[in-house]
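First comes the structure, then the notes that go with it.
Nothing in this text is a laboratory measurement; each read-out follows from the coordinates by a stated rule. The structure presented is a predicted model; accordingly, all values stated were derived computationally and were not measured. Neighbour counts are summed over all protein chains in view; Cβ atoms, including those assigned to glycine, are modelled from backbone coordinates with ideal geometry.
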Amino acid sequence: MKKSIKIANAGGFWGDDPTALYRQLSGGDVDYVTMDFLAEVTMSILQKQKNRDETRGYAHDFITMLEDSLPLLMEKKVTVITNAGGVNPHGCAEAIRKLAKRLGLNPQIAVIDGDDILSDLDRISSEAPLDNMETGQKLSKVRNRISAANIYLGALPVMNALKTKPDLVITGRVTDTGITVGPMLHEFGWATNDWDKLASGIVAAHILECGSQSTGGNFSDWHLVDSYDNIGFPIVEIHENGEFFVTKHPGTGGLVSEDTVREQLFYEMGDPSAYITPDVVADFGTIQLQAATLGGEAAVKVHGVRGKEPTQFYKVSMAYDDGYKVHCDIVVCGPNAMKKADVYKDIFLKKASEFGEVHVEYVGANACQGVLSGFEKPGEIVLRFSTRGPDAKKLKKFAKLIPTLLLAGPAGICVMGGIGRPQEVVSYWPALMQKKLVHPKITDADGKIIPQEKDVEYGNFEATGMGTTTATNPSKNLKEVLSVSKDFPTFAKICLARSGDKGDMTNLGVLARSPQAYKWIQENVTAQFIKDLFQEFCLGPVKRYELDNLSGLNFLLEDSLDGGGTQSRRIDAQGKTFAQAFLNQRFDIPSDILKSCS
């Protein structure tokens, strides 16, 4: 058993930096590289690709990355673990073998599947209801439109696959955390019910999984990042006792600090006391951070993480066909651009009255943050009109209304991007099913099925889902909320912030810059305040959680993304800009609190 290992990340989503894998391999010594390619709706896209061509259904970009990287990873004896296999991990493995043969190489590849339950959905749904875990709706509502169905496997199949000593492990829908915790179980021989060590591994994986977002990307204090050139992707050096260090390769761009790590910990966080995975429930309220150095590079030490037994369920991610949406853009410019845009909005809405609700955004003024943007008079605006519905032909008619504006309104207009085309909407259906109903399959390089030596353990843990405070309705109108002195400082003076999507819900992490500031935001940045502030977007309740250990508050804003994912007609369909909107708001902050953060 090793005492420590280094796990690097080289991709946080399908479309991330194609050079990251080579740079992580060539930049220094690592033992493993993990890469995450899959989001919920990605599985449906891959399934449709496979339906058209049975050899596809995986992230083909990964094969392109291996053109340069495969010789180096074999030379350095680094193991790559990735869920690039999508809905066809064996097809992905075969594509790698063809590439390797052309390069004169013979990598050992282990494949993990068994997560795809689409063909077995009727049997499983007869034993597990598979109701929508967010809305409570019955599966029967969308059963005949389901296009993909996958369970989130955990770390144990990865651990067992590594026993075959592969160069690459290709998986289907294994969790972002599972591909990272698997090597820890394999190398350290951790007991699969050592909840604290597993929870520490989950926290390490959460920091790694979004790539350079933990090493200076999307950072509130972006001005502190010396360079974004050759940005360093994160590396975790984890020790047998569960403690670990976050760092990056020497000489790379970006930044590793307590604050970059804190922000990433808050990203897409739900109930911080119950970060649920198939392997363990991690308590983010126990995480301790400490600035450090590692090999001469800035690092952050993470320790003290506690965990609890996991639930008896796997999460199921299903996707279903949900009609179409279309958007069309015009550019309005010149003097009084905003007034002219208002005129064009009125003209178009009257023309498009038969299409029901039409969503309108003023890009360049307030599309992402609404009235919270505090915009000045812009010189030009992209006016975006969008709608959705079940009939693609009807939406084509909607799009053809755009050219009718060209000669029938104020001066200073052009069409941007031509006439919009209806896009298929694939919606997300999350559910739960008992772990005992399905088992992963592990195939070694010789095509032999490797039995999973241990079953996933679980107990009676149930997440309470209770926030410290909840606000349901606005307590004042938005105009009153925003009527503050322009001389007041912004929240950015005393806080950092990070936001992201969880379905149709946005999470907003607010992180204080000092202990004094944390006490102050505890008293003043309430769930009700956030509900009042974001009432233009957030149609559901707001829950607030406190994390004293990280000097931060986590807010969950339900029903805030116009359906979320592919359903949303908003430019910011994932709530990424909510954090910046919050930081830009002004408040009467006491001078002593401001001084504590300077």
>> Could you compute the net charge surrounding SER4? Neighbours are other residues with a C-beta less than 11 Å from the C-beta of SER4; K and R count +1, D and E count -1.
In response: -2
> Once the Cα gyration tensor of region 1-125 is diagonalised, what are the square roots of 5 times its eigenvalues, in whole Å and ordered largest first, as equivalent ellipsoid semi-axes?
Replying inline: 27, 17, 14
>> Residues of region 213-237 with the amide nitrogen closer than 17 Å to a label point 7 Å from the Cα of PHE13, along Cα-to-Cβ, please.
In response: 213-220, 234
> Pairs LYS400/LYS531; LYS50/LYS441; LYS141/LYS400: which are spaced more than 27 Å apart, C-alpha to C-alpha?
Replying inline: LYS400/LYS531; LYS141/LYS400
>> Quick check for me: using +1 on Lys/Arg Cβ and -1 on Asp/Glu Cβ, what's the dipole size of region 469-596 about its Cα centre, in debye to the nearest 20?
In response: 260 debye
> Considering only THR387, VAL363, CYS333, whose Cα is most displaced toward the positive end of the charge dipole of region 323-426, charges sitting on Cβ of Lys, Arg (+1) and Asp, Glu (-1)?
Replying inline: THR387
> Tally Lys and Arg at +1 and Asp and Glu at -1 over the other residues with C-beta under 12 Å from the C-beta of ASP259: what net charge comes out?
Replying inline: 0
> For region 469-596, taking Cα atoms only, what is the radius of gyration to one decimal and the Dmax to the nearest whole Å?
Replying inline: 14.2, 45
> Using +1 on the beta carbon of Lys and Arg, -1 on that of Asp and Glu, and nothing else charged, what's the dipole of the chain about the Cα centre, debye to 20?
Replying inline: 1580 debye
> Lys/Arg Cβ at +1, Asp/Glu Cβ at -1, dipole of the chain taken about the Cα centre: which of THR470, LEU38, PHE219 is farthest positive-ward?
Replying inline: LEU38
> What dipole magnitude, in Debye to the nearest 20, does region 323-426 give about its Cα centre under +1 on Lys/Arg Cβ and -1 on Asp/Glu Cβ?
Replying inline: 360 debye
> Quick one: net charge of VAL481's neighbours, Cβ under 12 Å, K/R +1, D/E -1?
Replying inline: +1
>> Place a point 7 Å from Cα of ASP120 in the direction of its Cβ. Which residues in region 397-440 have their backbone N less than 20 Å from it?
In response: 430-440
> So how much slack lies between LYS101 and GLU536, counting 0.36 nm per residue of separation and subtracting their Cα-Cα distance, in nm?
Replying inline: 150.9 nm
> If you take the charge dipole of the chain about its Cα centre, with +1 on Lys and Arg Cβ and -1 on Asp and Glu Cβ, which of GLY418, ALA161, LEU185 is farthest toward its positive end?
Replying inline: GLY418
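State, as an integer percentage, the relative contact order of the chain based on alpha-carbon contacts under 8 Å between residues 6 or more apart. Before the final figure, lay out the partial values.
Numbers: 1389 pairs, mean separation 84.7, N = 598.
Here the relative contact order equals 14 percent.
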>> Just to be sure I understand the model, the point goes 7 Å from the Cα along the line to the Cβ. What's the resulting THR469 to GLU127 distance in nm?
In response: 4.6 nm
>> Of the listed values [x] 132; [y] 143; [z] 162, identify the label whose number matches volume of the Cα convex hull per residue in Å³ calculated from this model.
In response: [z]
